[in-house]
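Read the figures in this text as sums done on the coordinates, not as results from a lab. This one's a predicted model, so the numbers in the text were calculated from it and none came from an experiment. Note: ideal-geometry Cβ built from the backbone for every residue, glycine included; neighbour counts use all protein chains shown.
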């Protein structure tokens, strides 16, 4: 009788996936509703307060809605955040623009690493303080990026969607999960 009850309990629990607990220090969750599915990532305001504040502000202003992933390199990363990516005629220029206002700080920490699913800020040139609105998600562990870019989040749901994203795929809507 106990074995039958244990089997029933196991089947019941497996039918209802357990929600993943937030990482220590995790803040607001950002949802990316792409044409291929939904991706969620937690943010790390304790380590990157200005960066998280900037991204959340841009999300709330609908800045990312309708943009395309302008960079997608298999087994490396996918990237978004260039408003020019809404225009297919500008495809050769994708990745060169942003919101137009650098964050002004480099919130790089040893605590957050470029592990699979990490979300980090991109920037042009050699100064991480120039990060603006473009961010990327790494598809594999990438320690060579550590200490060079601000990791401000990590995918908690939909990493399989991220794996399938290609250059030109649309981000329909980004929002902060309440």
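Residues in the stretch 80-124 that are part of a loop (DSSP other than H, G, I, E, B) and surrounded by fewer than 14 Cβ atoms within 10 Å (Cβ to Cβ): 87, 96, 100, 101, 104, 110, 111.
Considering (1) closer than 24 Å to residue 35 by Cβ; (2) over 15 Å from the mean Cα position of the chain (by Cα), the lone condition that residue 164 does not fulfil carries the number (2). Looking at this structure, is residue 58 crowded, with 17+ Cβ neighbours inside 10 Å, over 12 Å from the mean Cα position of the chain (by Cα), touching a residue at least 60 places away in the same chain (Cβ under 8 Å) and not in a loop (DSSP other than H, G, I, E, B)? Yes; evaluated as a whole, the condition is true for this residue. Scanning the stretch 108-130 for residues that are in contact (Cβ under 8 Å) with a residue 60 or more places away in the chain and under 15 Å from the mean Cα position of the chain (by Cα) turns up 112, 117, 119, 121. Answer with yes or no whether residue 177 is exposed (fewer than 15 other Cβ atoms within 10 Å of the Cβ) and more than 17 Å from the chain's Cα centre (by Cα). Against the criterion (exposed (fewer than 15 other Cβ atoms within 10 Å of the Cβ) and more than 17 Å from the chain's Cα centre (by Cα)), residue 177 does not qualify.
The set of residues in the stretch 125-135 being within 12 Å of residue 149 (Cα to Cα), assigned to a loop (DSSP other than H, G, I, E, B) and in contact with a helix residue (DSSP H, G or I) (Cβ under 8 Å, 6 or more places away or on another chain) consists of 131 alone.
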